[in-house]
1. Would you mind ranking 42, 29 by Cβ crowding within 10 Å, fewest neighbours first?
2. At 0.36 nm per residue, and after removing the present C-alpha to C-alpha distance, how many nm does the segment from residue 53 to residue 261 gain when stretched out fully?
3. Between 166, 250, 289, which gets the highest mean-square fluctuation from a Gaussian network model of the chain, Cα cutoff 10 Å?
4. Along each principal axis of its Cα atoms, how long is region 47-157 end to end? Whole angstroms, biggest number first, please.
5. If r is the Cβ-Cβ distance from residue 70 to residue 198 and R0 is 22 Å, what FRET efficiency results, to the nearest 0.05?
6. Sorted by packing (mean other beta-carbon atoms within 10 Å per residue), highest first, where do 204-211, 256-263 land?
7. At 0.36 nm per residue, and after removing the present C-alpha to C-alpha distance, how many nm does the segment from residue 77 to residue 169 gain when stretched out fully?
8. Compute the angle between helix 2-14 and the longest alpha-carbon principal axis of the chain, please, reported from 0 to 90 degrees and rounded to the nearest 10.
């Protein structure tokens, strides 16, 4: 040990750098290292640019992907026992114009904190985005943890923010009309019997039409529908319509209206859209709902409805 420390001191002296050991700590350019390794100066690690798919090696640290086609970079396989690299970090930046996929090795998974408790085999890093991962030291299941995915302007990647998109096109939804805009309104949540296009973490209930926030944060929600009485008996005109985004909707008593679009229109077919950004606590819901008056009868229909959104920040 004395010979090793003497060699380190000699090496440091030859390079004009102070290397100091103190109470089990090692310091570079400092005589009083307060941590296991203290560097009083700059730090550099391997920077590498790649243009094609391949494996990430033990000597890699920061990898910039600049390929002309979509590519996949595969993380190293976990090691059990001697050689286990718990805590190893990798940084990825997609500096090109194609999609970069960072994949775990074999059956290993990446813990992307998606709210399901399950990992994913790979993450997507779109052009201009950065990803930071750390090895958990485990050898099965989620062996890697995704620390951060972000773009150059710090907006989180949709891959990690619960995007959803629901659509119901040819299926018409029959609703009860309200006599006048000033009477107690009959609010009806719009549902999506034809299912979803995208529903990460099953955050949208298509049978009730409610999006449920998997965790606290700020969310963007947008929706649209077509009020269409073409198949209603008598083909009544709409006398007015309202489209809502409602927090914590419940049949019979509505909920907290986030935003509404009122249209005093007289027509048989009318399209309306709505959007908002709101803060939701985990478990709170947002539904798109409608109210309408008709020139005759007490029914109206909506068709070609869609709602989509995603989390934008904590």
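1. If I rank by nearby Cβ atoms, fewest first, I get 42, 29.
2. On the way: separation 208, 0.36 × 208 = 74.88 nm, distance 4.84 nm.
Additional length available on full extension: 70.0 nm.
3. 250
4. On the principal axes, region 47-157 reaches 39, 31, 20 Å in Cα extent.
5. On the way: r = 19 Å, r/R0 = 0.87.
That gives a FRET efficiency of 0.70.
6. Working: 204-211: 19.5, 256-263: 14.5.
Put in order of decreasing packing, that is 204-211, 256-263.
7. Numbers: separation 92, 0.36 × 92 = 33.12 nm, distance 4.54 nm.
Length gained between residue 77 and residue 169: 28.6 nm.
8. Tilt relative to the chain: about 80 degrees.
Rule-based calculations on the coordinates, nothing more; no lab input. These figures come from a predicted structure and were not determined experimentally. Glycine gets a Cβ as well: all are built from the backbone with ideal geometry, and neighbour counts include every protein chain shown.
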